[in-house]
Amino acid sequence: MKAEKGIWFVLFVVSGFAILITTNCKKDDPKPVNPTNGKTTAIFNSSLDYGTVTDQDGNTYKTIVIGTQTWMAENLRTTRYRNGDSIPEVTDSIAWDGLKTGAYCNHNNYKSFQMIATYGRLYNWYAVSDSREIAPAGWHVPSNDEWSTLVSYLGGDSLAVMKLKETGGTHWTESNEASLNSCGFTALPGGARFGVYFIQLGYWGYWWSATEDVNEMTAWYRSMSIQPGETITPYIWFKEAGFSVRCVKD
């Protein structure tokens, strides 16, 4: 009887030791693949060589060298700052309009992975300027001067638009034949959130700069539209607005 108990005790100890080893040696679970990767319907310039960059959420973006700068060729879609902190998603329009801290939303609060991958997300300027950094490591949100460098390299406000916008009418709602996307930037009309309204998806694209205006209530941005004779002239708007974000390499 004692011998039988001894055998069970040995088996119990050995089994426990094996479980302990298995538990301690278990590999960390792999990070989930971001569901928006590979879902974009944007039409890139197939004659150009694109690079890639991955953000803190695991989103991978095409990048393109334009003159002395390297830009993302897609709109930002991260939901976290560089240090891992979450950027709040705010869907309620009244709450959004009263924010003085960083937040993001999707146009019309859509949930489609394809829409998010194609157009990116909309951010208020408080998220853009947050010290925790919205851009991937080694990248930053461009200043107004860096936008000017891009536009100048492409020939000025009017000529630059034709070279920056995605070709065709797949995403730009109306005729877009003049657009060449010759530089590979692939600008899309992601619309905006102004106050309590989502507007102009398919008609306009708006992109924040990192440059605050002197009155501290507004910041500089760039926009492109379907309008004839359009330019990419810098303007200012209230920081509560939700605009797209492109990043440029440090």
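Read-outs: derived from the displayed coordinates by stated rules, not from any lab. Model, not experiment: these values are computed from the prediction. For neighbour counting, all protein chains shown are included, and Cβ atoms are generated from backbone atoms with ideal geometry for every residue, glycine included.
Which net charge results when you count Lys and Arg as +1 and Asp and Glu as -1 among the other residues whose beta-carbon is under 11 Å from that of Asp85?
Numbers: positive: Arg80, Arg82, Arg132; negative: Asp130, Glu133.
The answer is +1.
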- Task: For segment 51-249, evaluate the Debye formula with one uniform point scatterer on each Cα (no solvent term) and list log10 I(q)/I(0) at q = 0.10, 0.12, 0.13, 0.16 Å⁻¹, rounded to two decimals.
- Result: -0.36, -0.53, -0.63, -1.00
- Query: Along the charge dipole of the chain, Cβ charges K/R +1 and D/E -1, which of Ala241, Pro228, Ile87 sits furthest on the positive end?
  - Reply: Ile87
- Item | Candidates Ala187, Ala178, Ala73: whichever shows maximal mean-square fluctuation once the chain is modelled as a Gaussian network with Cα springs under 10 Å | Ala178
- Task: Please give the FRET efficiency for Asn109 paired with Ser86, using the beta carbon to beta carbon distance and R0 = 25 Å, rounded to the nearest 0.05.
- Result: 0.90
- Message: Using a 7 Å offset from the Cα along the Cα-to-Cβ direction at both Ile199 and Phe238, what is the distance between the two label points in nm, to one decimal?
- Response: 1.2 nm
- If the chain between Leu48 and Glu133 were fully stretched, how many nm would it gain, using 0.36 nm times the residue separation less the Cα-Cα distance? 27.7 nm
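DSSP beta bridges in segment 47-110, what fraction antiparallel, as a percent rounded to 5? Walk me through the numbers on the way to the answer.
Details: 9 of 10 bridges.
Around 90 percent antiparallel, to the nearest 5.
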- Roughly what would the spin-label model give for Asp145 and Leu99, points 7 Å off Cα along C-beta, in nm? 2.9 nm
- Message: Can you give me the distance in nm between label points at Tyr126 and Glu216, each placed 7 Å from the Cα along the Cα-to-Cβ direction?
- Response: 1.5 nm
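When the helices in the chain are scored as -39500 (n - 2.57) per DSSP H run of 4 or longer and the sum is shared across all residues, what 222 nm value do you end up with, to the nearest 500 deg cm²/dmol?
Computed mean residue ellipticity for the chain: -6500 deg cm²/dmol.
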- Message: Suppose every Lys and Arg Cβ carries +1 and every Asp and Glu Cβ carries -1, with no other charges. What dipole size does the chain come out with about its Cα centre, to the nearest 20 debye?
- Response: 1020 debye
- Message: How many angstrom lie between the Cα centre of segment 32-97 and the Cα centre of segment 210-250?
- Response: 18 Å
